[in-house]
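Visitor: Below are the structure tokens for one structure; questions will follow.
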Amino acid sequence: DQQVKQNSPSLSVQEGRISILNCDYTNSMFDYFLWYKKYPAEGPTFLISISSIKDKNEDGRFTVFLNKSAKHLSLHIVPSQPGDSAVYFCAASGSQGNLIFGKGTKLSVKP
Amino acid sequence: SAVISQKPSRDICQRGTSLTIQCQVDSQVTMMFWYRQQPGQSLTLIATANQGSEATYESGFVIDKFPISRPNLTFSTLTVSNMSPEDSSIYLCSVLPRMGQGNFYYNEQFFGPGTRLTVL
């Protein structure tokens, strides 16, 4: 049973437009959520995070929104750039520091 | 951020053999983890590598199949034993830096580049 779900395996967006990546979770005890970006042949790299006590966190072009009542978070990238093309993983953190990942969404930003 | 290297970067192995993957960090870290990413799947935590004691395994993973060592605060190994084609995956180590180092938050793990294992 997947506790973190990314229901869109892929997303294609035009350069300059907004990319919205979605993530749903089932465990209301998760207290921290993170987004990781992964390029081929590399390990995931941390992108942005949000605590469960907040509903929004912004870092430059990247904003994460958290809707706790819906157990849903999203990552917005504005404006999207070709270098943003990668696989994006949503992850939730338990109390022991372990991360539970979704399956990832492959983002393609077309010039 | 911590710089993490893994050896080997990839390998092709025969069924029934074992492979040991090394993870080296450029600084002392509090916690080290081993993950597996099977084709088309999410990253799944195998175990937490504890320095000086036995690793803590997640449900579905056992020490006989995935023995782990962590002799110090910068190094760990994961062995995939008696391999079968189902073990073909990317294996990644990750680290949590020491609490209080820079601006690292507790839960922001840093990942190595991964080891791509193919079992024939």
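The values are calculated or read from the model by the stated rules, or taken from the named source; none is laboratory data. Keep in mind that this is a model prediction, so the values were computed, not measured. We place every Cβ from the backbone using ideal geometry, glycine too, and count neighbours over all the protein chains shown.
Visitor: For segment A:9-49, give me each residue that is of a type in the set (S, T, N, Q), within 15 Å of A:SER74 (Cα to Cα) and facing chain B (nearest Cβ under 10 Å).
Guide: The one that is of a type in the set (S, T, N, Q), within 15 Å of A:SER74 (Cα to Cα) and facing chain B (nearest Cβ under 10 Å): A:SER49.
Visitor: Mind listing whichever residues of segment B:71-84 are at negative phi and either part of a loop (DSSP other than H, G, I, E, B) or modelled with pLDDT under 95 (or both)?
Guide: As a first pass, look at segment B:71-84 and keep what is at negative phi: B:71-81, B:83-84.
Correct list: B:PRO71, B:ASN72, B:LEU73, B:THR74, B:SER81, B:MET83, B:SER84.
Visitor: Evaluate segment B:25-36: report whether one residue or more is over 10 Å from the mean Cα position of the chain (by Cα), within 12 Å of chain A (Cβ to nearest Cβ) and under 27 Å from A:PRO9 (Cα atoms). Working first, answer last.
Guide: To start, the set of residues in segment B:25-36 that are over 10 Å from the mean Cα position of the chain (by Cα) comprises B:25-31.
Going one step further and asking which of them are within 12 Å of chain A (Cβ to nearest Cβ), we end up with B:29-31.
Subset that is under 27 Å from A:PRO9 (Cα atoms): none.
No, every residue in segment B:25-36 fails to be over 10 Å from the mean Cα position of the chain (by Cα), within 12 Å of chain A (Cβ to nearest Cβ) and under 27 Å from A:PRO9 (Cα atoms).
Visitor: If A:PHE65 satisfies every condition in (1) within 25 Å of B:ILE90 (Cβ to Cβ); (2) touching a Leu at 6+ places or on another chain (Cβ under 7 Å) but one, which is the exception?
Guide: Among (1) within 25 Å of B:ILE90 (Cβ to Cβ); (2) touching a Leu at 6+ places or on another chain (Cβ under 7 Å), A:PHE65 violates only (1).
Visitor: Under 7 Å between Cβ atoms, at least 6 apart or on separate chains: pull out the pairs that start in segment A:93-110 with a residue that is surrounded by 19 or more Cβ atoms within 10 Å (Cβ to Cβ) and end on any residue that is modelled with pLDDT under 95 and acidic (Asp, Glu).
Guide: A:SER93/A:ASP31
Visitor: Considering only segment B:1-57, how many residues are within 19 Å of A:PHE46 (Cβ to Cβ) and of a type in the set (D, E, K, R)?
Guide: The first filter runs over segment B:1-57 and keeps only residues within 19 Å of A:PHE46 (Cβ to Cβ), leaving B:1-6, B:23, B:25-27, B:29-35, B:37, B:42-45, B:48.
The next check asks that each one be of a type in the set (D, E, K, R); those that pass are B:26.
Of the residues in that region, 1 qualify.
Visitor: Tally the residues that are within 14 Å of chain A (Cβ to nearest Cβ) and either assigned to a strand (DSSP E or B) or more than 26 Å from A:TYR25 (Cα to Cα) (or both), restricting the search to segment B:42-56. Steps first, answer last, please.
Guide: Residues of segment B:42-56 within 14 Å of chain A (Cβ to nearest Cβ): B:42-50, B:55-56.
Adding the requirement that they be either assigned to a strand (DSSP E or B) or more than 26 Å from A:TYR25 (Cα to Cα) (or both) leaves B:43-50, B:55-56.
Selection size over segment B:42-56: 10.
Visitor: Now a separate question. Inside chain A, counting only strands (runs of 3 or more DSSP E) that do not spill past its ends, which hold 1 or more residues that are β-branched (Val, Ile, Thr)?
Guide: Numbers: elements: A:10-14, A:19-25, A:32-38, A:45-51, A:56-59, A:62-67, A:72-77, A:86-93, A:99-101, A:105-110.
Once the strands (runs of 3 or more DSSP E) in chain A are filtered for at least 1 residues that are β-branched (Val, Ile, Thr), what remains is A:10-14, A:19-25, A:45-51, A:62-67, A:72-77, A:86-93, A:99-101, A:105-110.
Visitor: Mind telling me which of the residues A:ASN67, A:ASN22, A:ASN27 ends up being in contact (Cβ under 8 Å) with a residue 24 or more places away in the chain and exposed (fewer than 13 other Cβ atoms within 10 Å of the Cβ)? Can you show your working first?
Guide: Values: A:ASN67 fails: in contact (Cβ under 8 Å) with a residue 24 or more places away in the chain; A:ASN22 fails: exposed (fewer than 13 other Cβ atoms within 10 Å of the Cβ).
Testing whether each residue is in contact (Cβ under 8 Å) with a residue 24 or more places away in the chain and exposed (fewer than 13 other Cβ atoms within 10 Å of the Cβ) leaves just A:ASN27.
Visitor: Within segment B:58-65, is even one residue in contact with a Leu (Cβ under 8 Å, 6 or more places away or on another chain), in a loop (DSSP other than H, G, I, E, B) and either in contact (Cβ under 8 Å) with a residue 60 or more places away in the chain or farther than 19 Å from B:VAL119 by Cα (or both)?
Guide: Taking segment B:58-65 and keeping what is in contact with a Leu (Cβ under 8 Å, 6 or more places away or on another chain), we get B:58.
From what's left, in a loop (DSSP other than H, G, I, E, B): B:58.
Retained after the next criterion (residues that are either in contact (Cβ under 8 Å) with a residue 60 or more places away in the chain or farther than 19 Å from B:VAL119 by Cα (or both)): B:58.
Yes, because at least one residue in segment B:58-65 is in contact with a Leu (Cβ under 8 Å, 6 or more places away or on another chain), in a loop (DSSP other than H, G, I, E, B) and either in contact (Cβ under 8 Å) with a residue 60 or more places away in the chain or farther than 19 Å from B:VAL119 by Cα (or both).
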